[in-house]
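Below is one structure; the comments refer to it alone.
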Amino acid sequence: MKRTLLLLIIAICLYSCNKNESPNLIVKKWVAVGNSITWHPINNNWAGEWGMAATSIENDYVHILNQNFKNNFDSVSFKIDWAVDWETNHPNYDLSYFDKFFDGDEDLVVIRLGENVKDTTNFEADFRHLIQHLKHLSPNAKFVITGIFMSDSNDLKYKETIQKKIAKSENCIWVPINQLDTKENRNFIGNTVNGRTIENQAVADHPGDKGMEAIAEVIFESLQKKGKSILTLSAIR
(Lines give C-alpha, C1' and ligand atoms only; values in the text may rest on other atoms or scores of the structure.)
Protein backbone atom coordinates (compact mmCIF):
# COMPACT_ATOMS: atom_id res chain seq x y z
CA MET A 1 0.00 0.00 0.00
CA LYS A 2 2.76 2.43 0.97
CA ARG A 3 4.73 1.51 -2.17
CA THR A 4 1.67 2.11 -4.37
CA LEU A 5 1.04 5.49 -2.74
CA LEU A 6 4.68 6.49 -3.19
CA LEU A 7 4.63 5.57 -6.90
CA LEU A 8 1.43 7.56 -7.35
CA ILE A 9 2.99 10.65 -5.74
CA ILE A 10 6.08 10.33 -7.94
CA ALA A 11 3.95 9.99 -11.06
CA ILE A 12 1.94 13.10 -10.16
CA CYS A 13 5.13 15.06 -9.52
CA LEU A 14 6.67 14.00 -12.82
CA TYR A 15 3.51 14.92 -14.69
CA SER A 16 3.38 18.35 -13.05
CA CYS A 17 7.06 19.03 -13.76
CA ASN A 18 6.76 18.02 -17.39
CA LYS A 19 3.63 20.10 -17.79
CA ASN A 20 5.37 23.16 -16.39
CA GLU A 21 8.49 22.66 -18.50
CA SER A 22 6.66 22.19 -21.82
CA PRO A 23 3.49 24.31 -21.86
CA ASN A 24 1.33 24.15 -24.94
CA LEU A 25 1.89 27.03 -27.33
CA ILE A 26 -1.24 28.42 -28.96
CA VAL A 27 -0.69 30.93 -31.76
CA LYS A 28 -3.68 33.06 -32.69
CA LYS A 29 -2.01 36.45 -32.98
CA TRP A 30 1.53 37.13 -34.09
CA VAL A 31 3.97 39.61 -35.64
CA ALA A 32 6.70 39.00 -38.22
CA VAL A 33 9.59 41.47 -37.92
CA GLY A 34 11.91 41.26 -40.89
CA ASN A 35 13.63 42.52 -44.00
CA SER A 36 12.96 41.90 -47.70
CA ILE A 37 12.68 38.14 -47.19
CA THR A 38 9.69 38.90 -44.98
CA TRP A 39 8.17 41.65 -47.16
CA HIS A 40 9.22 44.10 -49.86
CA PRO A 41 7.33 46.78 -51.81
CA ILE A 42 7.17 46.89 -55.60
CA ASN A 43 10.10 48.69 -57.22
CA ASN A 44 12.08 48.64 -60.47
CA ASN A 45 13.56 45.22 -59.69
CA TRP A 46 10.74 43.51 -57.81
CA ALA A 47 7.13 42.93 -58.81
CA GLY A 48 5.43 41.78 -55.62
CA GLU A 49 4.27 43.08 -52.25
CA TRP A 50 5.35 40.10 -50.21
CA GLY A 51 8.53 38.26 -49.24
CA MET A 52 11.23 38.54 -51.90
CA ALA A 53 11.50 36.40 -54.03
CA ALA A 54 8.54 34.03 -53.68
CA THR A 55 6.42 33.69 -56.82
CA SER A 56 3.22 34.70 -54.98
CA ILE A 57 2.10 36.03 -51.62
CA GLU A 58 0.88 32.57 -50.60
CA ASN A 59 4.38 31.17 -51.14
CA ASP A 60 6.44 33.44 -48.90
CA TYR A 61 7.47 32.07 -45.51
CA VAL A 62 5.19 34.40 -43.52
CA HIS A 63 2.04 33.27 -45.30
CA ILE A 64 3.06 29.60 -45.29
CA LEU A 65 3.68 29.85 -41.56
CA ASN A 66 0.38 31.64 -41.01
CA GLN A 67 -1.49 28.98 -42.99
CA ASN A 68 -0.09 26.35 -40.65
CA PHE A 69 -1.37 28.30 -37.67
CA LYS A 70 -4.79 28.66 -39.33
CA ASN A 71 -4.89 24.91 -39.89
CA ASN A 72 -4.44 24.36 -36.16
CA PHE A 73 -6.43 27.14 -34.51
CA ASP A 74 -9.88 28.68 -35.01
CA SER A 75 -8.70 32.13 -36.08
CA VAL A 76 -5.29 33.68 -36.60
CA SER A 77 -4.24 37.27 -37.29
CA PHE A 78 -0.80 38.69 -37.97
CA LYS A 79 1.09 41.87 -38.83
CA ILE A 80 4.27 42.37 -40.83
CA ASP A 81 6.80 44.84 -39.48
CA TRP A 82 9.33 45.79 -42.17
CA ALA A 83 12.58 46.55 -40.34
CA VAL A 84 15.18 47.14 -43.07
CA ASP A 85 15.73 50.67 -41.82
CA TRP A 86 16.73 49.28 -38.42
CA GLU A 87 19.29 47.02 -40.11
CA THR A 88 20.87 49.86 -42.07
CA ASN A 89 20.85 52.40 -39.22
CA HIS A 90 20.64 50.42 -35.98
CA PRO A 91 23.01 52.70 -33.97
CA ASN A 92 20.65 55.68 -34.40
CA TYR A 93 17.28 54.04 -34.82
CA ASP A 94 14.21 55.24 -32.94
CA LEU A 95 12.70 52.02 -31.60
CA SER A 96 9.33 53.68 -31.03
CA TYR A 97 8.71 53.02 -34.74
CA PHE A 98 7.88 49.43 -33.82
CA ASP A 99 5.20 50.35 -31.29
CA LYS A 100 2.34 50.68 -33.81
CA PHE A 101 2.72 47.07 -34.93
CA PHE A 102 2.01 45.63 -31.48
CA ASP A 103 -1.18 45.41 -29.44
CA GLY A 104 0.45 43.78 -26.43
CA ASP A 105 -1.46 40.49 -26.55
CA GLU A 106 0.48 38.64 -29.23
CA ASP A 107 1.25 34.94 -28.78
CA LEU A 108 4.31 34.93 -31.02
CA VAL A 109 6.89 37.29 -32.50
CA VAL A 110 9.23 36.08 -35.26
CA ILE A 111 12.35 38.18 -35.82
CA ARG A 112 14.00 37.52 -39.22
CA LEU A 113 16.83 40.05 -39.63
CA GLY A 114 20.56 40.38 -40.26
CA GLU A 115 21.40 40.33 -43.97
CA ASN A 116 21.38 44.11 -44.42
CA VAL A 117 23.45 44.97 -41.36
CA LYS A 118 26.65 46.38 -42.86
CA ASP A 119 27.97 48.35 -39.89
CA THR A 120 28.44 45.97 -36.95
CA THR A 121 29.53 48.75 -34.56
CA ASN A 122 27.49 48.32 -31.38
CA PHE A 123 25.51 45.57 -33.10
CA GLU A 124 25.33 43.43 -29.98
CA ALA A 125 24.01 46.23 -27.79
CA ASP A 126 21.62 47.50 -30.47
CA PHE A 127 20.21 44.04 -31.23
CA ARG A 128 19.70 43.42 -27.53
CA HIS A 129 17.92 46.75 -27.14
CA LEU A 130 15.68 45.85 -30.08
CA ILE A 131 14.70 42.49 -28.59
CA GLN A 132 14.10 43.99 -25.16
CA HIS A 133 11.97 46.77 -26.62
CA LEU A 134 9.83 44.30 -28.58
CA LYS A 135 9.46 42.07 -25.52
CA HIS A 136 8.29 45.10 -23.57
CA LEU A 137 5.66 45.73 -26.25
CA SER A 138 4.43 42.13 -26.10
CA PRO A 139 5.50 40.71 -22.73
CA ASN A 140 3.58 37.42 -22.93
CA ALA A 141 4.62 36.43 -26.45
CA LYS A 142 7.03 33.66 -27.32
CA PHE A 143 9.90 35.08 -29.37
CA VAL A 144 11.68 33.36 -32.25
CA ILE A 145 14.96 34.75 -33.59
CA THR A 146 16.24 33.27 -36.82
CA GLY A 147 19.73 33.30 -38.21
CA ILE A 148 20.77 34.77 -41.56
CA PHE A 149 19.74 33.15 -44.84
CA MET A 150 22.20 34.69 -47.31
CA SER A 151 25.67 33.19 -47.07
CA ASP A 152 27.30 36.18 -48.74
CA SER A 153 26.13 38.57 -46.03
CA ASN A 154 29.09 40.46 -44.57
CA ASP A 155 30.36 39.38 -41.14
CA LEU A 156 27.94 36.46 -41.23
CA LYS A 157 29.49 34.40 -38.46
CA TYR A 158 29.90 37.38 -36.16
CA LYS A 159 26.32 38.56 -36.60
CA GLU A 160 24.91 35.09 -36.10
CA THR A 161 27.02 34.57 -32.99
CA ILE A 162 25.56 37.76 -31.54
CA GLN A 163 22.00 36.89 -32.50
CA LYS A 164 22.27 33.39 -31.05
CA LYS A 165 23.83 34.73 -27.84
CA ILE A 166 21.04 37.25 -27.34
CA ALA A 167 18.35 34.72 -28.21
CA LYS A 168 19.65 32.53 -25.39
CA SER A 169 20.05 35.31 -22.83
CA GLU A 170 16.63 36.78 -23.62
CA ASN A 171 14.87 33.39 -23.50
CA CYS A 172 13.99 33.34 -27.20
CA ILE A 173 13.89 30.34 -29.53
CA TRP A 174 16.97 30.35 -31.79
CA VAL A 175 16.40 29.02 -35.32
CA PRO A 176 19.44 28.83 -37.68
CA ILE A 177 18.54 29.06 -41.37
CA ASN A 178 21.86 29.64 -43.17
CA GLN A 179 22.04 25.93 -43.97
CA LEU A 180 18.99 26.50 -46.21
CA ASP A 181 20.87 28.84 -48.57
CA THR A 182 21.37 26.40 -51.42
CA LYS A 183 21.04 26.72 -55.18
CA GLU A 184 17.75 24.83 -55.08
CA ASN A 185 16.32 27.15 -52.43
CA ARG A 186 17.30 30.45 -54.07
CA ASN A 187 15.48 32.13 -56.92
CA PHE A 188 17.26 32.73 -60.24
CA ILE A 189 17.74 35.17 -63.09
CA GLY A 190 15.09 34.60 -65.73
CA ASN A 191 12.35 33.37 -63.40
CA THR A 192 9.00 35.15 -63.66
CA VAL A 193 7.33 36.69 -60.61
CA ASN A 194 3.96 38.43 -60.94
CA GLY A 195 4.42 38.80 -64.70
CA ARG A 196 7.92 40.27 -64.50
CA THR A 197 11.19 38.50 -65.25
CA ILE A 198 13.85 38.61 -62.54
CA GLU A 199 16.90 40.37 -63.99
CA ASN A 200 18.54 41.68 -60.81
CA GLN A 201 21.02 39.37 -59.07
CA ALA A 202 20.22 40.79 -55.63
CA VAL A 203 16.61 39.70 -56.10
CA ALA A 204 17.67 36.31 -57.48
CA ASP A 205 19.78 35.69 -54.37
CA HIS A 206 16.63 35.71 -52.23
CA PRO A 207 14.85 32.45 -51.43
CA GLY A 208 12.46 31.11 -54.05
CA ASP A 209 9.36 29.11 -53.21
CA LYS A 210 11.34 26.11 -51.99
CA GLY A 211 13.54 28.31 -49.83
CA MET A 212 10.52 30.08 -48.34
CA GLU A 213 8.89 26.76 -47.60
CA ALA A 214 12.08 25.54 -45.92
CA ILE A 215 12.31 28.67 -43.74
CA ALA A 216 8.67 28.28 -42.67
CA GLU A 217 9.24 24.62 -41.92
CA VAL A 218 12.23 25.09 -39.60
CA ILE A 219 10.44 27.87 -37.72
CA PHE A 220 7.32 25.75 -37.38
CA GLU A 221 9.33 22.74 -36.25
CA SER A 222 10.93 24.83 -33.51
CA LEU A 223 7.45 25.77 -32.26
CA GLN A 224 6.24 22.20 -32.50
CA LYS A 225 9.05 21.14 -30.19
CA LYS A 226 8.05 23.89 -27.77
CA GLY A 227 4.33 23.34 -28.07
CA LYS A 228 4.30 19.52 -28.18
CA SER A 229 1.18 18.05 -29.75
CA ILE A 230 -0.72 21.33 -30.19
CA LEU A 231 1.22 22.19 -33.36
CA THR A 232 1.53 19.89 -36.35
CA LEU A 233 3.33 20.03 -39.68
CA SER A 234 0.36 18.82 -41.67
CA ALA A 235 0.19 21.89 -43.93
CA ILE A 236 3.84 21.99 -44.92
CA ARG A 237 4.63 19.95 -48.02
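The values are calculated or read from the model by the stated rules, or taken from the named source; none is laboratory data. As the structure is a computational prediction, the values presented were derived from the model and not from experiment. Quick reminder, even Gly has a Cβ in these numbers, built from the backbone with ideal geometry, and neighbours come from all protein chains shown.
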How about the range 158-178: which of its residues are surrounded by fewer than 19 Cβ atoms within 10 Å (Cβ to Cβ) and within 15 Å of H206 (Cα to Cα)?
N178
Based on what the data block shows, is D119 under 22 Å from T161 (Cα atoms), among the acidic types (D, E) and part of a loop (DSSP other than H, G, I, E, B)?
yes
Could you tell me whether the range 150-166 includes any residue that is among the acidic types (D, E), farther than 16 Å from N116 by Cα and modelled with pLDDT of 95 or more?
no
Residues of the range 60-87 being acidic (D, E), crowded, with 16+ Cβ neighbours inside 10 Å and assigned to a helix (DSSP H, G or I), which ones?
E87
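Listed here are the residues, each with its yes/no results for (1) modelled with pLDDT of 95 or more; (2) in contact with a Ser or Thr (Cβ under 9 Å, 6 or more places away or on another chain).
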residue	(1), (2)
N72	no, yes
S75	no, no
I80	yes, yes
V84	yes, yes
N92	yes, no
D99	yes, no
V110	yes, yes
G114	yes, yes
Filter result for the condition that a residue is touching a residue at least 12 places away in the same chain (Cβ under 8 Å) and either in a loop (DSSP other than H, G, I, E, B) or of a type in the set (G, A, S) (or both), over D99, D105
D105
Among the residues of the range 25-59, count how many are part of a loop (DSSP other than H, G, I, E, B) and within 19 Å of I148 (Cα to Cα).
9
If you take the residues of the range 178-196 that are touching a residue at least 60 places away in the same chain (Cβ under 8 Å) and outside any strand (DSSP E or B), which of them is nearest to P139 (Cα to Cα)?
N187
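Just to be sure before I move on: is W46 in contact with a Phe, Trp or Tyr (Cβ under 6 Å, 6 or more places away or on another chain) and modelled with pLDDT of 55 or more in the structure I sent?
Against the criterion (in contact with a Phe, Trp or Tyr (Cβ under 6 Å, 6 or more places away or on another chain) and modelled with pLDDT of 55 or more), W46 does not qualify.
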Checked D155, D126, D107, D181 against criteria (surrounded by 16 or more Cβ atoms within 10 Å (Cβ to Cβ), touching a Gly at 6+ places or on another chain (Cβ under 9 Å) and among the acidic types (D, E)); the one match is D181
